[in-house]
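Read-outs: derived from the displayed coordinates by stated rules, not from any lab. Just so it is clear, the model here is predicted, and its values are computed rather than measured. Positions of Cβ are backbone-derived with ideal geometry, glycine not excepted, and every protein chain shown enters the neighbour counts.
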Amino acid sequence: MENQAPKKKSCPWIKQSPQGVILRVHVQPGAKRDEVSGLHGNRVKIRIQAPPQDGRANKYLCRYIAKLTQSSKNSVEILRGGKSRAKDLLLRDTSTETVNLWHPKLRRIWTDGWITS
């Protein structure tokens, strides 16, 4: 049997859609600081300072992602998981390649063997 390079897995936390990119995240509200902290299962783990009260964490999360992507606050929308830590976010008018350049942690996750399908 010939030596073959290992196949890269499809990326479970990001998906291209006709409207933009769907980013699957696991959110930890009430953290000491805002950060992308790696993976949590098949989702990107994001810690945010906002408390999980009256939708504050959801609004804060959208603003934080918009800041990371250098896009408008209106370009980030929660598709699923409004009352859950596991959320699917729609990032309008962007591509999966662009998402992976936004943040050093995402870039590292991307280059450690995950690719989009």
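Count the net charge of all other residues whose Cβ sits under 14 Å from the Cβ of Lys67, scoring Lys and Arg as +1 and Asp and Glu as -1.
Around Lys67, the surrounding residues sum to +2.
What does the charge count near Gly55 come to, summing +1 for each Lys or Arg and -1 for each Asp or Glu among other residues with Cβ under 13 Å from its Cβ?
+4
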